[in-house]
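Read the structure below first, then the notes.
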Amino acid sequence: MAAKRKRATRKRATRKRATVVTGYSLKQVAKELNVAEATVMRRIETRKVPGVKKRYNVQRHLVFTEADLQKLKAHNNSLRYE
């Protein structure tokens, strides 16, 4: 009698669960600040506004928190009155 072969089992790849990020979209932030979306992106990418990070939601869209919006507003106001 032949020995039974064990069936090869693969472990399933475990996916990291995405954390749900809620807040403001890039378009909403730009409208609130009265500037173009490209301006908001440029200020974040050049790190002109400290403490604002790029966060993405499940659909990989940029999302800004209330704290980010307040920092961007303060930075925007400081530029206007210089």
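Odds and ends about this structure:
- By the count of neighbouring beta-carbon atoms within 10 Å, fewest first, His61, His75 end up ordered His61, His75.
- The slack between Lys27 and Lys48, meaning 0.36 nm per residue of separation minus the straight C-alpha distance, is 5.7 nm.
- Modelled spin labels at Tyr56 and Lys71, positioned 7 Å past Cα toward Cβ, are 1.9 nm from each other.
- Cβ-to-Cβ counts within 10 Å put Arg42, Arg7 in ascending order as Arg7, Arg42, the fewest first.
No lab work stands behind these numbers, since they all come straight from the coordinates. All figures in this text were calculated on a predicted structure; none of them were measured in a lab. Cβ sites come from the backbone with ideal geometry, for glycine too, and all protein chains shown count toward neighbours.
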